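This report refers to the structure that appears directly beneath it.
The values are calculated or read from the model by the stated rules, or taken from the named source; none is laboratory data. This one's a predicted model, so the numbers in the text were calculated from it and none came from an experiment. Cβ placement follows ideal geometry from the backbone for every residue including glycine, while neighbour counts extend to all protein chains displayed.
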């Protein structure tokens with residue numbers, strides 16, 4: 001059995017990076033692959049030989065690879081192939097995109113001395129941000145997901161699920177649908193907003209332009225928004241179990257308990273993730289520039305460069321708040337994320353320096369090993 005990794009998103013740049021590593025390390029049969037299943041420290045990896053069970057090489061637990069972090073779902077890796085047992089993951093290839101969150105969620109600043117990055121998924125092209133058309137439609141949460149999605153390096157799409165819960169007469173008319181989703185569209189800005197029903201198939205066709213062969217989509221959203229139902233609808237079969245939500249607060253239990261990558265008939269790849277109750281932002285400066293592009297533009301129009309946006313004359317933000325171009329809710333969401341971003345950047349500085357130190361050591365060791373091989 002031979003698997004063409006191009007069907008799993010393996011690009012020419014990935015091939016070059018993998019080739020350099022395989023040529024520099026003489027330690028058995030090295031193969032590139034992609035992580036398709038991640039359960040603690042047990043992995044499933046697709047490579048040219050098919051899907052294999054894999055574990056981490058011991059160096060991941062020590063200083064050599066410490067700066068690179070642990071492999072996550074969607075990572076392209078280099079494997080030390082073992083035909084008679086679990087293969088070993090030796091290296092993570094450079095990530096084209098990644099979805100990260102901080103392990104600090106704003107509850108106890110005294111406790112969060114060194115904020116750490118938690119990477120959820122890697123190497124995807126689109127982020128489907130799912131929010132259901134019921135009690136889950138939370139503007140603050142949508143703003144945070146948009147910021148994190150832009151920061152990831154991928155293109156976000158806001159998918160409003162469970163359109164079947166809305167009056168059918170309204171959903172069937174553009175005017176009615178726009179009136180229901182107006183708040184979400186205002187938050188999303190230029191990001192596509194698509195209302196769908198996995199139950200009836202309404203709106204599913206509008207997702208087709210993003211379901212391209214070899215492209216990867218990551219599904220993000222809180223529990224109960226319908227990630228598993230949407231995946232089943234896109235796949236045309238029941239890949240994931242679906243559980244009912246509570247009627248009183250529209251919340252659900254976690255159907256997905258770990259991260260998996262699925263390949264659809266269209267050739268598109270979908271990463272399903274467990275529902276996130278909260279999302280701590282990580283290194284989100286660029287993401288905020290996209291998610292709050294209108295506010296960023298207003299900030300540049302203030303008369304004074306050090307404007308606090310409280311009572312200064314010529315403040316573009318106060319003017320926009322007064323004439324309705326900017327809502328108080330949007331401005332508060334921006335301020336909350338700005339404060340959290342500043343806090344995370346300040347408290348994660350030591351950790352980032354440590355990671356870069358270990359990366360430099362790893363690069364030096366690889367270069368030294370290659371030089372010894374050339375002797």
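Across the range 156-177, the qualifying residues are those that are assigned to a helix (DSSP H, G or I) and at pLDDT 60 or above, and the one among them that is surrounded by the most Cβ atoms within 10 Å (Cβ to Cβ) is 163. A Cβ distance below 8 Å, combined with a sequence gap of six or more or placement on separate chains, defines the contacts here; from the range 225-239, residues that are under 17 Å from residue 208 (Cβ atoms) reach residues that are at pLDDT below 90 and not in a helix (DSSP H, G or I) in the pairs 231/239; 231/240; 231/272; 232/238; 232/239; 232/240; 232/242.
Number of residues in the range 225-258 that are modelled with pLDDT of 60 or more and under 18 Å from the mean Cα position of the chain (by Cα): the value is 7.
Just one of the listed residues (105, 64) is in the same structural domain as residue 148 (by TED's automatic domain parsing) and modelled with pLDDT under 80, namely 105. Quick check, is residue 276 at pLDDT below 75, farther than 22 Å from residue 44 by Cα and out of contact with any helix residue (DSSP H, G or I) (no Cβ under 7 Å at 6 or more places or on another chain)? So residue 276 passes the test. Checking 222, 198 one by one, the residue that is within 19 Å of the chain's Cα centre (by Cα) and surrounded by 16 or more Cβ atoms within 10 Å (Cβ to Cβ) is 222 and no other.
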